[in-house]
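Data first, discussion second: the structure below is written as structure tokens.
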Amino acid sequence: MWIPFNTKVWLYRKPMDFRRGIDGLSMFVADTLKQDPVSGHIFVFRNRQSDKIKILWWSDQGFYLLYKRNEKMKFKFPDVNESSIELKTEQLQWLLTGLDYQKQPLPEPIKASNFF
């Protein structure tokens, strides 16, 4: 999945009613999460069975609603509660491939000091 540079990714941990579409999810982001749905941030939601993901993302002229269903396994999510957590883009990619992103080590940032 292509993720724009410097985009924040928010995962809502509580299962979501997947009958919600773009309008319902964007209202949820604004009203419940107190975030701006047209900020360009990526908002990730899960279903109760942990086998489906919906991603809401605003691009310059409209919303994208991405949907992924795992046919043979469940996605690995953190403990359920009302809060959302920020993910690194690498963590979102691991989550979408079915890996437990919480167990994957994030690469250490490199501080360049010598330039040739």
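A short reminder: the numbers here are calculations on the coordinates, not readings from a lab. What you are looking at is a predicted structure, and each value in this text was computed from that prediction instead of being measured. Neighbour counts run over all protein chains shown; Cβ positions are idealised from the backbone, glycine included.
The table below gives the values:
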item: Low-density loop positions, chymotrypsin sites (Phe, Trp or Tyr not before Pro), the range 5-53 - DSSP coil, at most 13 other Cβ in 10 Å; result: F5
item: Separation in nanometres of the label points that stand 7 Å from Cα toward Cβ, at S50 and N70; result: 0.8
item: The range 66-87-the range 16-51 distance, computed between alpha-carbon centres (Å); result: 12
item: Candidates per trypsin sites (Lys or Arg not before Pro) in the range 1-91, loop by DSSP, up to 15 other Cβ within 10 Å; result: K8, R19, K34, R48, K72, K74, K76, K88
item: Out-of-range pairs (alpha-carbon distance over 21 Å; input K34/K76; K34/K68; K74/K103); result: K34/K76; K34/K68
item: Charge dipole (debye, nearest 20) of the range 9-103; +1 at Cβ of Lys and Arg, -1 at Cβ of Asp and Glu; result: 460
item: Förster-model FRET efficiency, 35 Å R0, F116 and E86, C-beta, rounded to 0.05; result: 0.50
item: Neighbour net charge for T7 - beta-carbon separation under 15 angstrom, K R +1, D E -1; result: -2
